[in-house]
1. Cβ-Cβ under 7 Å, sequence separation 6+ or interchain: first residue in region 676-690 and among the β-branched types (Val, Ile, Thr), partner open to solvent by less than 60 Å² (accessible area, probe 1.4 Å). Which pairs?
2. Surrounded by fewer than 23 Cβ atoms within 10 Å (Cβ to Cβ) and more than 18 Å from residue 440 (Cα to Cα) - does that describe any residue in region 892-900?
3. Need a quick list: strands (runs of 3 or more DSSP E) entirely within region 150-253 having at least 3 residues that are in contact with a strand residue (DSSP E or B) (Cβ under 9 Å, 6 or more places away or on another chain) and over 28 Å from residue 126 (Cβ atoms).
4. Quick one: in region 254-273, which of the residues that are over 27 Å from the mean Cα position of the chain (by Cα) and assigned to a loop (DSSP other than H, G, I, E, B) is farthest from residue 299 (Cα to Cα)?
5. Taking residue 237 as the residue in question, decide whether it is open to solvent by less than 50 Å² (accessible area, probe 1.4 Å) and more than 21 Å from residue 214 (Cα to Cα).
6. Can you tell me which of (1) open to solvent by 40 Å² or more (accessible area, probe 1.4 Å); (2) of a type in the set (Val, Ile, Thr); (3) at pLDDT 90 or above is the one residue 836 doesn't meet?
7. I'm told residue 360 meets every condition in (1) assigned to a loop (DSSP other than H, G, I, E, B); (2) open to solvent by 10 Å² or more (accessible area, probe 1.4 Å) except one. Can you identify the failing condition by its number?
8. Filter region 657-708 for residues that are within 39 Å of the chain's Cα centre (by Cα) and assigned to a helix (DSSP H, G or I); which is surrounded by the most Cβ atoms within 10 Å (Cβ to Cβ)?
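The values are calculated or read from the model by the stated rules, or taken from the named source; none is laboratory data. Just so it is clear, the structure is predicted and the values come from calculations on it, not from any experiment. Neighbour counts run over all protein chains shown; Cβ positions are idealised from the backbone, glycine included. Only protein heavy atoms, including side chains, enter the accessible area calculation; ligands, DNA and RNA are left aside. Shrake-Rupley method; radii C 1.70, N 1.55, O 1.52, S 1.80 Å.
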Amino acid sequence: MRHKAFWKKYVKFAIMICILSPICFTWHLAIAPARFDPYVGEGIIGYESLVPFTTTVSTGVTTQTTITTSDSTTIPTSPPTDPLPTTTVVTTVVTTAALSETTENPTTYSSSISPTSTTTKPSRCEPKCTFQVAYIESANLKKFPKSCTTVCADPLSIQHDTDLTEKQLTNALKNMKHLIGSLLVTRTKFSSGKFLANLESVDCDNIGQFKWSLNENLTEVGLTNLKSVACQVEITSNPKLAKLNLPNMMPTPSQTAEHPRTSVEINSNSAELCITEQEISNFLSNKNNDIGTMPQFYCSAVNSNGTIKSCAFENSTLATLDTGCVKLKGNVLISEKDEEHTYKLESVKDILGSLTIDGTNLTDIDFLDSLENVVALKENQSAILIQYNPNLSNVTFPNLKRAIAKSAQVIIFQNNSQELLMDPSVCWNIRNVLNTSNAWIPTIDGQDCVIFLLSIVKLKAQSDPGATVSSIYPPSTISPIYPEATVSSLYPVTVSPIYPEATVSPIYPPTISPIYPETTVSPLYPDTVSPIYPPTISPLYPVTVSPIYPETTVSPLYPPTVSPIFPYTVESTVSPIYPPTLSPIYPADTTVSPIYPAFEGTTVSPIYPPVDTTVIPTTTVPETTTPNDPFWDFRCTPACTLEFDSLTLSSMKYFPVLCETVCTRTTLRIGIECDMTEKQMNDTLKNMKHLVGGLLVSRSKFKSARFLANLESIDCGNLWDFKVNLNDRMTEIGMPNLKNVSCRVFILNNNNMTRLNLPKLIPIHSPLAPNYTLEVEVSYNLHPEFCISLQEMSNFMTYDYIRFSLLTGSFCPQSHTSSEAKTCDLVNYTWSEMSTDCVNVHGDVIIHEENEDHADKLASVVNIFGSLIIIRTNLTSIDFLDNLEHIISLTDEQPALIVEQNEMLANVSFPKLERVTSRAYVPVRFDNNSLELIKSPSFCYDIRNGITKSDTWIVKFDDKVCEDVEKAAAASVVKDKSSRTTGGRQILMILAAVGFIFGF
């Protein structure tokens, strides 16, 4: 009963609290003007504070605050120091839906303050030219700085409470040419904005708004002198708006602003609203301006600008189209009957309408190489549609910058040639050239780029001619290396891969122990030799010599009476590295160079045997050389140094044919002037094992460089080039013994080259020169079937100072290798067949929902020769990739690392990743994954810092570089903290009120 009496007594107070508390804490917001600003995928509702005691975020004070992120990073934030209005703003963060689907980069924000501002900007506003009121009206009109040409007001608001006539506004604003701050024209009575006719620029620091909304009488904006707008442009919900009349307005993002992009949104206006050709061209002019929803029509008038030719395509065909058009207005249709006229499109840069290629016999579309923009305005109309072209095998848009449409599918390919269906580079090339994170740009037969790539892999596996073939575990009838054999997982029965005349052995022929042979044949060394420990004859070292510590007579690598690891005293006959009394770097009075024998013959060289003085090279050099010439390298003797650059019949007689080490002053050139036969080249160069200087083989007539087959090293001093280019007949380089190359390596423009055949080449720093970065470039106009072997690519990756400028072609089909590292093939075979101890993987690694249970098989993988794609999985982390060091993709324009649409993925660390190589401008892309990834910039920075020290653009999360990810994350922390603080204060105040009423 006591409880009942209690509630009876106090229930009215409880009801009053429930009703009055929300009013007490929100009444100041209810009476305040408000605005909504999109910001990094969320939104800010801003309320103008009209009472002094409410909690606010001020835009007119200069305070210093600190943001502490989740990883304890402290970020100072400072509001702008411009004397902007002292009116304060309360912000409430709300989650909003994504912006229009047609917006290429929807992650823009708009607000009068930047929550992550880290620098103090110089003031552009004079106090006398600052307008510090909420909106303009007759009561405060006298405060407006009428004489100023540059006015600061954030915002300058003209709204339903503005009780001024158009004449009064025109008179007040006639001198204002530049506005710093947002411009808001909302719910007004005016039919145009001509009262701002003299306005030339509006600078909102990219984050404020240029907004015209909910104006019932507005028929045009009408700012004919307005040119530059560094704001988020929004022209919406004006029911009578029939034209913009903004002929000169160009969204021009400020280069000094924190946020780099602006946007334009024109939506929900009169159904008759059209946009002129000039206006849309202005909107497209800046790559940092995002185009959102546009009107549904282009205005009928054709641009009269005489500098570029604009042509109308409505109700027209290619046959009647003029040549030389730069802009086309209308929907362009190319059908079979138009094929002979496609050359007329070679000059076209902009199509203001759609582009359709339907039912043609075209094989390529190179006539569209100049195309930059396609903007289709009609509802549900794709920008580009290419369908039913059975011979179309080459589709590229090398200069395409924007494809805009009011459709979920902006670019569509469907029912074209089989070649197009088997080429993933078509899809990736378009996606990368547009630099879009939209996974559905483009689609090929209804599939996005990743799913399209996956379907190609499956098709290739299904079309393998060996029905029962597995390169790892073949079940029967086929050997992956020797198809004539019957059954073998790696090597066929009845065939030895090294000695095919033997009966059965995968590595060693019959009756041989693989480690300690006991009988007559060794697979590597003949005649009673153990491949590891020879009993009486060493295959590498002569009789009675231990291959590790020689003790007696002669060793070609280690001299007599000297230990190769711990040399004896100076009384020893020969040093294993340097001969007696020889300086390790600069020889003095000694007679033999340990690496390059001298021209005076004496006793022993640890690498080269003694030279008889009777056969010492006595090459005659040109008369310009004197015996006392200084030489830049101690390895270079006068007799073995070239005094000419180009090798020809006339210079051949001066070549030091007996020298194993040949030096050139700069570069040895073998080019178009070389009139020697291949046999003459072989005879001249056969003894040259080491070249000190550069090597250039350019515009030669040779099919290979096998005349240099004995060359083992090239030392360019880390600075010059080993370059093979513009050799139209060359099919391979073919230098199987070339090992160490201390040069930049360039293999370019050899249009018949199908392989390198450089199985041992490793770019390596010369110990006698400064350590420059060694570049490797293999690109441009090589044969379509050109490939690089996995061994060659592995050699190129040996040292971290080797940088890949550009690599083209593909990886050669995997064959047996003697490498200890196991290589698994994913080009034609599935994950279920993959081993669990693979170190190298050949082929694209695509992890998706169907195979994610097998992802642990990648735990041992170090190198992926292809792309790594993780899409639409339920994975929460990728710790199975902790050993991954290199991802090398040669596929045209396809990123090397793609992580997309993994809603649960919260950890994407690659602790050992060192190199990611791709022909795509952005080789690492993370798009549309969990919120944890975009809120934790450390993931982005860790990946980027592991693979580069300078290239900030190569890793992007949701189309943001790491710095922008950090700013967005910091802004989110500030807003969350502000929301929690405000909510906590309100709860405490309510509890205090309840306690006061009930007398607690």
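1. That search, which allows pairs on different chains as well, returns 684/652; 684/655; 684/657.
2. Taking region 892-900 and keeping what is surrounded by fewer than 23 Cβ atoms within 10 Å (Cβ to Cβ), we get 892-893, 900.
With more than 18 Å from residue 440 (Cα to Cα) added as a condition, the list becomes 892.
Yes, some residue in region 892-900 is surrounded by fewer than 23 Cβ atoms within 10 Å (Cβ to Cβ) and more than 18 Å from residue 440 (Cα to Cα).
3. 232-236
4. Across region 254-273, the extreme among qualifying residues is 268.
5. Answer is no for this residue.
6. For residue 836, the exception is condition (3).
7. Among (1) assigned to a loop (DSSP other than H, G, I, E, B); (2) open to solvent by 10 Å² or more (accessible area, probe 1.4 Å), the lone unmet condition for residue 360 is (2).
8. As a first pass, look at region 657-708 and keep what is within 39 Å of the chain's Cα centre (by Cα): 666-672, 690-706, 708.
Filter once more, keeping what is assigned to a helix (DSSP H, G or I): 706, 708.
Details: 706: 17, 708: 23.
Only one residue fits best here, namely 708.
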